[in-house]
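In what follows, a single structure is set out as C-alpha cells and then discussed.
The values are calculated or read from the model by the stated rules, or taken from the named source; none is laboratory data. Nothing here was measured: the structure is a model prediction, and the numbers come from that model. Heads up, the Cβs are rebuilt from the backbone with ideal geometry, glycines too, and the neighbour counts pull from every protein chain shown. What goes into the accessible areas is simple: the full protein's heavy atoms, side chains included, and nothing from ligands, DNA or RNA. Shrake-Rupley method; radii C 1.70, N 1.55, O 1.52, S 1.80 Å.
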Amino acid sequence: MEKIESPLELEKLRKSIQSKKKKEKTFISICAGTGCRASGSESVINAFKEEIKFLGLQNKVGVKVTGCHGFCEKGPIIVIHPKEIFYHNVEKEDVMEIVSETIIGGKIIDRLLYVDPTTGKKITKESDVPFYNKQKRIILGNNGKIDPTDIEDYIALGGYSALSKVLFKIKPEQIIEEVKKSGLRGRGGGGFPTGRKWESCRNAKGKLKYVICNADEGDPGAYMDRSLLEGNPHSVLEGMIIGAYAIGSKNGYVYVRNEYPLAVKHLEIAVNQAEEYGFLGKNILGSGFNFSILISRGGGAFVCGESTALMASLEGKPGEPRAKYVHTVEKGLWNKPTTLNNVETWANIPIIIHKGASWYSKIGTEKSKGTKIFSLVGKINNTGLVETPMGMKLREIIYDIGGGIPNKKKFKAVQTGGPSGGCIPEELIDLPIDFEKLTEAGSMMGSGGMIVMDEETCMVDVAKYFLKFLMEESCGKCVPCREGILQMGEILENITKGNGQPGDIELLEEISTVIKDTSLCALGGTAPNPVLSTIRYFRNEYDSHIKDKKCPAGVCQALIQYSIIPKKCIGCGACLKQCPQNAITGEKKQPHIINPEKCIKCGACYDVCKFDAIKRV
Amino acid sequence: MQGETISRDFPAIDAIIKKYGERKEFLICILQDIQARYGYLPREDLERVAEKLGIPLIQIYSVATFFKAFSLRPKGGHTIQVCLGTACHVRGAERVLSKIKRDLDIDVDETTKDMNFTLKTVNCLGACALGPIVEIDGKYHGNMNTTKVESVLKKYSTKMKE
Ligand SMILES: Cc1cc2nc3c(=O)[nH]c(=O)nc-3n(C[C@H](O)[C@H](O)[C@H](O)COP(=O)(O)O)c2cc1C
Ligand code: SF4
Ligand code: FES
C-alpha cells in the first residue's frame, strides 16, 4: 500500500473500497469479543469459514470477525447482513444449517432467534431487539460492522474523514472551540471538560508536548474501553491524531492494561496499518503534520490509571501519584505539557468533528452531553455493554435494556463508579443518569461500571469488597490512604464476622472524613465513597450485622447457617456426596440434614442442589 | 521451564531489550516480555536489563515489586486466575476461590508442591456475562461454582500426567 498523500486520494480510496464491498452483498458478522470468545465463538468462526469454502461460496459470502456487539449474555452472536438477521447462542453444530437454510435458502431458523421476554415474540432483526433499540450507539455501533484488523473496513464507513477535514480545513484553535462547544467531558471518571484541557495544553509553554490515551481501565467490573480497543481501535487513534494536531503535539502514547492481550494486539495492528496508509508518521495525508504513537503496557496496578501515576509508570518508574498543584497539562510526562484522555473520550472526537458540535450537544442533559457506555453486569438478565444518551433513567437501563433481574429476585441497588463510587438504591430508580445526578446521589459516573445487585447481595459485603480492593491497590505513599483504608477494612471485617460494636458506623464516618480530606490523590480521596453511600442508604443492613449478628442477604459467611428445607428435599443424595466435611446425613429418598458443627459453610451443597432445598440464612 | 537459572539465555534477553530500542521508558514492557517467556523474572536477567539500560538494579526491583503482573519466583505448569472483579464477586467468586484453595491446598500467589498449578486472582476479565470466571492458561471457564471446580481442575491434572 502506498501512503495516501491528499484528502482527494483518501476519498478515491474510500470509493474504491466501498464499491468492492458492495459486490460482497451477503456477509456474516460474528462477534469475537472477549465475552463471545469465552462462550466459544472461535470454533463457530472456523466452522463458518470451512463450510463456506467447502461449498465454494467465498466470492459471494463474506465472514467478518468483529469486536464486541455488546450483548455478551447471548453469545456467541452472529448477524447476517444485509438483512440484519440476528442469531444468538450459536454453536458450531448450527453452522451447516445456517449456511444451507438462511444463507442459501433465505429461510429464518426460528430456534436461534431472540425471544422478547415481555411479549414472547420472536425478533429477526438485530436493531429490533429491545436490548439494542433503546440504546443510542454512536460510539459502539460500528463494532459489529468492522473487522478491527482491517483498516479498510473503518475507512469504508467514513473513517479518517474527520482527520482529513481538520488537517486541511480547520485551524487548531477552531478544533478546540468545536470540542468545547460540543460539551464533551472526560469519560475516564472525573468528567473534566475535554476542550478546556486541550486549550490549557495548547497554551502551555514549550515545543515538545505529549498526548496520551488512558487505557488502563482499572475499575474491576468495567470493560468498555477494552471493547472499543478490541473492536474499533482506529476510532481511538483518529481521535488522538486530531487531538495532537489541535494541541500541537508530535508524540503520543497509549497506556494499556497488559491483562488485555487482544486489545494490545489489535492496537498494534491498527497503529501499523495507520502508518502504512499515511494517517500516522511524517507528513500525514500530505499536510506537513507529523505524529507518531507508541504503545506501552501497564503492569496491573489500579493506581496507574491516575494521571500522574500513569505518567510515572510510562517513564519506567513505579506508578506513584504526585501532588497536582502543578497541572499535567503544563508539566506532565517528562515534565512536558501533556494531555491525557480516556479511550472513550478519544473515540468521541471523530464523531464530534464529523457531525458537528451542535449536533452532538443536542444529545444528553444540560451539563452532560453525548452518550455514555456502561458495562451492565451483576444480577441482571441482559449482561453486556450498553450505550445510552446521558440522562437516561436508571429504570430504563435496568428494565428496558437490561431486561430486569434474573430468577424473579428483587432489585436492590446498582453500584456505579467502581471503587470511587457508590450505590444507588431502589428508591432512586427514576434518577436520570448523568455526571451531576450521580454525584448528588453520593456516587459517581466513574468509567461506567454498573453493577446490579439483588436481594441476595449484602451491602456491607460490597463495601468491604471495595475497601479490600483499595487496600491492595493503595500505592502506600501517603498515610491517610494507606493506614486509613486498612483500619476501615478491619472494622468492616469485624462487622461481617459478627464482632461489630455499637459506634462502629460513626467511627467509619469519622475516618472517612480524614481520608477524604488528607489523601494525596483521588484513589484515597474517593476511597470512602462505597462505605459512605452504603451507610447512607442501607444503614439497617449495617445494624442487622452489628446488633442482631445477622446477614439479611445470606452472604457473610460467619453470620449464616446452611440448612435443608425438608419439604423440598427429595433425598437424592447429591449434596451428601459433595460435602467435603461429611456434614450431611440422611437416608435415600428421605430429607437430609446438615450437622452445623461440622459445616464449614463452603456452599457446595447449595450449588449442587437442583431442588432449591438448601437454605442459606 | 523452571530451574533454568544456571545458564541464562542472554541473547534472548538482549533481543527483547533491543525490540524496545534499549529505552528506559519501556522497562515495564521489557519486564513483561521476560515474564511472558519464563513465567517469572529471573535475577540474572534483571541484572542484564540493569546493565543494558543503565539503570540501577534497585530501581528495577522497585518496579518489579510494585506491579502485580510480575513474579520473582518460578510459576507452576498451569496458571489459574480467579476473577474477583465486582460482577464475579456478587455472583459468588469468593466461594469458588475458597474451594480451589482447599482442593489444591495452597493460598493465592502460591504454587502447588508438584509445580502443577499456580493460583492467582485478577480483577475483571471482560467476560462478566459468564461470571464467575476462572481462567486457566488463557482459557476461560464460565459460570463457575463449587461443584464445577473439581471437574475443571481434573482436566488439567490428568493432562500433565499424560
Ligand atoms: C485511582 C484512579 C484510577 C483511575 N483509573 C482510570 C482508568 O483506568 N482509566 C481512565 O481513563 N481514567 C482513570 N482515572 C482518571 C484519570 O486520572 C484521568 O482523570 C482521566 O484519564 C482523564 O481522561 P478524561 O478527561 O478523558 O476522562 C483514574 C483516576 C484515579 C484517581
Ligand atoms: S492517596 Fe493512596 S494511592 Fe494516592 S498517593 Fe496517597 S497512598 Fe498513594
Ligand atoms: S468481573 Fe469477572 S469478568 Fe468482569
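Brief remarks follow.
- Residue identified as assigned to a helix (DSSP H, G or I) and either basic (Lys, Arg) or within 18 Å of the chain's Cα centre (by Cα) (or both) among A:LYS197, A:LYS207: A:LYS197
Residue-wise test of (1) surrounded by fewer than 19 Cβ atoms within 10 Å (Cβ to Cβ); (2) in contact with a helix residue (DSSP H, G or I) (Cβ under 9 Å, 6 or more places away or on another chain); (3) within 14 Å of another protein chain (Cβ to nearest Cβ).
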site: A:GLY316; (1), (2), (3): no, yes, yes
site: A:GLY319; (1), (2), (3): no, yes, yes
site: A:TYR325; (1), (2), (3): yes, no, no
site: A:VAL343; (1), (2), (3): no, yes, yes
site: A:PRO350; (1), (2), (3): no, yes, no
site: A:GLU366; (1), (2), (3): yes, yes, no
site: A:LYS379; (1), (2), (3): no, yes, yes
site: A:ARG395; (1), (2), (3): yes, no, no
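- Residue under evaluation A:LYS516, criteria (1) away from ligand 3 (no atom under 16 Å from the Cβ); (2) open to solvent by less than 80 Å² (accessible area, probe 1.4 Å), criterion not met: (2)
- Filtering region A:258-289 to residues that are touching a strand residue (DSSP E or B) at 6+ places or on another chain (Cβ under 7 Å), in a loop (DSSP other than H, G, I, E, B) and modelled with pLDDT under 95 leaves A:ASN258, A:GLU259.
- Single residue of A:ASP400, A:ASP430 found to be more than 16 Å from ligand 3 (Cβ to nearest atom), away from every other protein chain (no Cβ under 14 Å) and part of a helix (DSSP H, G or I): A:ASP400
- Going through (1) outside any loop (DSSP other than H, G, I, E, B); (2) open to solvent by 30 Å² or more (accessible area, probe 1.4 Å) one by one, B:GLU22 falls short only on (1).
- Cβ-Cβ contacts under 7 Å between residues 6 or more apart (or on different chains), taken from a first residue in region B:122-134 that is without any contact (Cβ under 8 Å) to a residue 24 or more places away in the chain and at the interface with chain A (Cβ under 7 Å from one of its Cβ atoms) to a second residue that is part of a loop (DSSP other than H, G, I, E, B) and aromatic (Phe, Trp, Tyr), are listed as B:GLY126/A:TYR223.
- Filter result for A:GLN581 (farther than 26 Å from A:ARG482 by Cα, within 14 Å of chain B (Cβ to nearest Cβ) and more than 16 Å from ligand 1 (Cβ to nearest atom)): yes
Residue-wise test of (1) away from ligand 3 (no atom under 16 Å from the Cβ); (2) more than 19 Å from the chain's Cα centre (by Cα).
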residue	(1), (2)
B:ALA69	yes, no
B:ARG91	no, yes
B:ASP103	yes, yes
B:THR121	no, no
B:ALA129	no, yes
B:HIS141	no, no
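- From the options A:GLY498, A:GLY503, A:GLY484, A:GLY449, residue that is within 16 Å of A:ASN529 (Cα to Cα) and either more than 14 Å from ligand 2 (Cβ to nearest atom) or open to solvent by 30 Å² or more (accessible area, probe 1.4 Å) (or both): A:GLY449
- Residue in region B:52-70 that is nearest to the other protein chains (Cβ to nearest Cβ), counting only those that are under 30 Å from A:ASP461 (Cα atoms) and open to solvent by less than 30 Å² (accessible area, probe 1.4 Å): B:PHE67
- Some residue of region A:214-236 being touching a residue at least 12 places away in the same chain (Cβ under 8 Å), surrounded by fewer than 19 Cβ atoms within 10 Å (Cβ to Cβ), more than 16 Å from ligand 2 (Cβ to nearest atom) and not hydroxyl-bearing (Ser, Thr, Tyr): no
- Pairs with Cβ under 9 Å, 6+ apart, first in region A:471-485 and not assigned by TED's automatic domain parsing to the domain that holds A:GLU306 and aliphatic (A, V, I, L, M), second outside any helix (DSSP H, G or I) and more than 8 Å from ligand 2 (Cβ to nearest atom): A:ILE485/A:PRO528
- Residue within region A:47-65 that is among the charged types (D, E, K, R) and either closer than 21 Å to A:VAL115 by Cα or part of a loop (DSSP other than H, G, I, E, B) (or both) present: yes
- Residues that are farther than 21 Å from A:ARG257 by Cβ and open to solvent by 30 Å² or more (accessible area, probe 1.4 Å) were ranked within region B:73-89; the one that is nearest to ligand 3 (Cβ to nearest atom) is B:GLY77.
- Residue under evaluation A:ASP461, criteria (1) away from ligand 1 (no atom under 16 Å from the Cβ); (2) modelled with pLDDT of 95 or more; (3) in contact with a helix residue (DSSP H, G or I) (Cβ under 8 Å, 6 or more places away or on another chain); (4) more than 12 Å from chain B (Cβ to nearest Cβ), criterion not met: (4)
- Output for region A:20-46, where each listed residue is part of a helix (DSSP H, G or I) and in contact with a strand residue (DSSP E or B) (Cβ under 7 Å, 6 or more places away or on another chain): A:ALA38, A:SER41, A:VAL44, A:ILE45
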